[in-house]
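**Student:** Here it is, the structure in full.
The values are calculated or read from the model by the stated rules, or taken from the named source; none is laboratory data. Note that the coordinates shown come from a computational prediction; the quantities given were computed from them, not determined experimentally. In this analysis, Cβ positions are derived from the backbone assuming ideal geometry, glycine residues included, and neighbour counts consider all displayed protein chains. Ligands, DNA and RNA are stripped out before the accessible areas are found, and what is left, the full protein with its side chains, is counted by its heavy atoms. Shrake-Rupley method; radii C 1.70, N 1.55, O 1.52, S 1.80 Å.
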Amino acid sequence: MMEELDELRPPTAWRLLEIWRGTRELAEEPLERALLCNAQVLAESCLRQGAPVFDDGAAVLAQLTAGEMEALLRRLSGEAPSPAPAAVNRNFEQSRFQALREG
């Protein structure tokens, strides 16, 4: 999916407020509401040749991991990408992690 993206267009502050208010009615739990809000923001912000990459927030949730969403939201806000795990924890061993992941 990330390869399909050629533009990130941040919503206006007003539109962001509208999205936040709309997700308030969808979920009471704050973390669920934040996830729904972020998914909708990405649905409206991720473009390919001027057209949305995602149909809606549900499509974002169905296609992206939480980490991918976070990376896109960081890019959208102009932040630098998150550091690699080894930069956060110098004891982190990528090869060991990969071995555990592969089972």
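**Student:** Could you sort LEU26, LEU36 by accessible area so the largest value comes first, with the probe set to 1.4 Å? Please report the intermediate quantities before stating the final value.
**Tutor:** Values: LEU26 125, LEU36 45 Å².
The most accessible residue leads, giving LEU26, LEU36.
**Student:** How many nm is it between the label spots at ALA51 and GLU25, if each spot is 7 Å from the Cα in line with the beta carbon?
**Tutor:** 2.9
**Student:** Largest first, what is the accessible-area ranking of ARG33, ARG74, ARG48 with a 1.4 Å probe?
**Tutor:** Details: ARG33 40, ARG74 70, ARG48 105 Å².
Greatest to least solvent exposure: ARG48, ARG74, ARG33.
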